[in-house]
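Step one of this worksheet: look at the structure below.
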């Protein structure tokens with residue numbers, strides 16, 4: 001978003017971005033001494049390019065500057081509040097898309113609505129104050145990998161408001177726009193190596209450069225009652241319904257990415273480009289997209305075969321250095337939209353699910369916390385303690401492990417645990433992953 005907004009500043013300089021960090025002050029502390037400028041580093045086999053991004057006006061830390069952040073959100077000049085907080089930042093049940101009323105941050109925000117800590121709580125509070133002051137509401141623009149992300153965030157925000165004030169909830173439901181979006185650009189975590197490269201290339205210190213690939217796509221539903229930047233002038237695509245594009249990206253790119261991440265990590269590959277060069281994993285991912293995912297998508301939005309081929313080339317980018325461990329984070333929040341949606345659609349048509357089911361089984365194998373050499377895996381997931389308990393209770397039995405994980409309704413809902421074809425596929429794959437290993441299992445499946 002900062003890059004797109006930076007692109008239009010020479011045409012329309014009235015726009016800018018105020019960032020809000022909800023977890024740590026690290027980004028603010030890194031960017032403040034450099035006037036919130038940062039370097040965009042675009043890497044590919046063809047070479048590396050850099051540019052300075054100047055569209056960020058400031059970044060606020062929610063923990064120490066909460067009221068300043070809320071004051072910014074109620075400023076009449078602010079017309080859009082966007083979110084990129086990852087799936088777990090919405091305090092919702094990924095299986096249903098509804099707000100989790102027992103989430104610790106939601107419980108806090110219900111008890112202290114004037115001091116919200118969650119993303120939904122901040123939005124509800126700011127919209128409440130704008131309404132009281134007679135200021136038109138901002139548009140809420142979700143840029144995260146959620147199914148029908150605008151509609152999902154609308155349900156979450158309205159759900160939280162309903163727990164507090166029915167009139168406020170009715171106002172938000174009727175007056176606030178939540179356009180859905182699809183964002184497609186691979187952005188690995190910034191490393192010290194990246195900072196060193198910036199220093200060597202530009203002769204300057206940049207505390208927080210952003211590394212990415214050349215490819216970029218942003219599809220947005222055009223529903224902005226109080227105005228928006230002319231992003232179509234710099235490559236954004238405005239549509240009436242983003243859902244077909246969103247499903248394409250979630251299931252083809254993100255579903256493949258997660259499958260590569262779990263199998264690749266277990267197989268000893270630290271980076272995606274290394275994993276996809278393995279013939280077994282390449283064939284698996286190609287077949288997953290071609291034979292299982294593409295049949296669940298609309299065929300008229302683009303050439304899905306060409307999109308698949310482009311994804312495989314993007315995964316191969318050796319300059320990007322995208323860690324499998326990074327992609328593997330927060331799997332309990334990602335599986336429902338990345339793999340389980342495809343599985344549900346195919347089960348409804350009595351179609352095979354072997355390849356997508358392998359991705360799910362690989363996640364189960366990964367979150368046991370031990371790799372194929374017996375070394376500990378640093379599992380980053382909001383449900384990690386619960387998943388570890390299930391793993392320990394299974395005592396090495398793949399069938400018991402599957403039954404334990406399928407009992408996590410926040411991930412699998414109530415339907416999939418009752419589907420015997422799904423359960424059998426997962427048990428068979430998980431058994432093979434334990435006995436043969438990830439790469440041998442991938443070869444066997446394909």
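The values are calculated or read from the model by the stated rules, or taken from the named source; none is laboratory data. Keep in mind that this is a model prediction, so the values were computed, not measured. Every residue, glycine among them, receives a Cβ derived from its backbone with ideal geometry; neighbour counts consider all protein chains shown.
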- Which listed residue is assigned by TED's automatic domain parsing to the domain that holds residue 261, modelled with pLDDT of 95 or more and either over 19 Å from residue 415 (Cβ atoms) or surrounded by fewer than 18 Cβ atoms within 10 Å (Cβ to Cβ) (or both), from 324, 342, 296: 324
- Hey, residue 63 hits all of (1) surrounded by fewer than 15 Cβ atoms within 10 Å (Cβ to Cβ); (2) in contact with a strand residue (DSSP E or B) (Cβ under 8 Å, 6 or more places away or on another chain) but one; which does it fall short on? (2)
- Item | Number of the exception - residue 149 against (1) more than 14 Å from the chain's Cα centre (by Cα); (2) touching a residue at least 40 places away in the same chain (Cβ under 8 Å) | (1)
- The one condition in (1) at pLDDT 95 or above; (2) touching a helix residue (DSSP H, G or I) at 6+ places or on another chain (Cβ under 7 Å) that residue 445 fails to fulfil: (1)
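Restricting to the stretch 185-203, and then to whatever is in a loop (DSSP other than H, G, I, E, B) and without any contact (Cβ under 8 Å) to a residue 60 or more places away in the chain, can you tell me which residue is surrounded by the fewest Cβ atoms within 10 Å (Cβ to Cβ)?
203
Residues are listed down the side, and each one gets a yes or a no for (1) assigned to a strand (DSSP E or B); (2) over 21 Å from residue 257 (Cβ atoms); (3) touching a residue at least 24 places away in the same chain (Cβ under 8 Å); (4) over 27 Å from the mean Cα position of the chain (by Cα):
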residue: 358; (1), (2), (3), (4): no, no, yes, no
residue: 364; (1), (2), (3), (4): no, no, yes, no
residue: 378; (1), (2), (3), (4): no, no, yes, no
residue: 382; (1), (2), (3), (4): no, no, yes, no
residue: 387; (1), (2), (3), (4): no, no, yes, no
residue: 390; (1), (2), (3), (4): no, yes, no, no
residue: 414; (1), (2), (3), (4): no, yes, no, no
residue: 424; (1), (2), (3), (4): no, yes, no, yes
residue: 429; (1), (2), (3), (4): no, no, yes, no
- Item | strands (runs of 3 or more DSSP E) lying entirely in the stretch 1-119 (those with 1 or more residues that are without any contact (Cβ under 8 Å) to a residue 12 or more places away in the chain) | 47-53
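Could you check the stretch 383-398 and list, in sequence order, the residues that are exposed (fewer than 15 other Cβ atoms within 10 Å of the Cβ) and either at positive phi or touching a helix residue (DSSP H, G or I) at 6+ places or on another chain (Cβ under 8 Å) (or both)?
393, 395, 396
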- Message: Only one of 141, 146 is assigned by TED's automatic domain parsing to the domain that holds residue 112, crowded, with 21+ Cβ neighbours inside 10 Å and modelled with pLDDT under 95. Can you tell me which?
- Response: 146
